[in-house]
Amino acid sequence: MKTGIRETIGGAGVIPVVVIENAEQAVPLARALAEGGLPVVEITFRTAAAAAAIAAIRREVPQATPGAGTLLSPAQVQAAKDAGAAFGVAPGFDPAVAREAQRLGLPFCPGVATASELSQALSAGFDTVKFFPAEAAGGVKMIKNLLGAFRCTGVKFMPTGGVNADNLAAYLAVPEIIACGGTWIVPKDALAAGDYGRIAALAAEARALVRAARG
Ligand code: 3PG
């Protein structure tokens, strides 16, 4: 089991962000994503099915690495850890949530959108942050501006929010961007219809863009 957030999420280049209503879909979904070349998946705690979905992937899809997203409370961090999440992600920087992840030894990526939040996340001991909501908060330009001041810290970003197949390459051209997250790989209608073929194809398309950008 990988222990650091960078080694856990870094290799894939793209992290599908999943909103799942039915935990029974978790296993075929994770298999489709892994088949398309994206084994690391963020299951958001926006639905009641999240913990069961992570546990099912952990149990039945060894080639996948499920993490927990949208962690908004210490209790959700505990639930994610109990379910077997390999990592946790939050949209913002909440010291109580961040501390719980550290206490439990869960590799964790807090969210930031400003220089002040980034500064706080670094002070709390995090070296990798989710930049959210990426496009609305200034996109690649904002990340490059933040790096002007913060590159010396060695921080890495995972932009999420408005990233898609059209702008992915522009993000991945920035070396300090470790991976991009996004929901575009798992469209709501495809998941509702159980169209895992389409999801695998979208994952393969994203993976090809990562390969073109990063080799
Ligand atoms: C997230 O929580 O990471 C975002 O809601 C994903 O944003 P997207 O739907 O624009 O990819």
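The table that follows gives values for the structure above.
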{"item": "Neighbour-count ranking [beta-carbon atoms within 10 angstrom, fewest first] of 142, 158", "result": "142, 158"}
{"item": "Distance between region 8-75 and region 99-116 - C-alpha centres, whole angstrom", "result": "19 Å"}
{"item": "Column: log10 I(q)/I(0), Debye, Cα scatterers of region 1-112, q = 0.14 Å⁻¹", "result": "-0.46"}
{"item": "Descending principal axes extents, region 1-50, alpha-carbon based, whole Å", "result": "29, 22, 18"}
{"item": "Label-point gap, in nm, between residue 214 and residue 104 - each point 7 angstrom along Cα→Cβ", "result": "2.6 nm"}
{"item": "FRET efficiency, 1/(1 + (r/R0)^6) with R0 35 Å, evaluated for residue 27 and residue 165 via beta carbons", "result": "0.85"}
{"item": "Percent of Cα-Cα distances greater than 16 Å, calculated over region 87-204", "result": "61 percent"}
{"item": "Region 3-206 - Kirkwood radius from inverse mean 1/r over Cα pairs (Å)", "result": "16.6 Å"}
{"item": "Potential lengthening between residue 117 and residue 153 on full extension [0.36 nm per residue; Cα-Cα distance subtracted]", "result": "11.5 nm"}
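Values quoted throughout were computed directly from the atomic coordinates according to the rules given, and no laboratory measurement underlies them. As the structure is a computational prediction, the values presented were derived from the model and not from experiment. Here the Cβ is made from the backbone with ideal geometry for all residues, glycine too, and neighbour counts use every protein chain on show.
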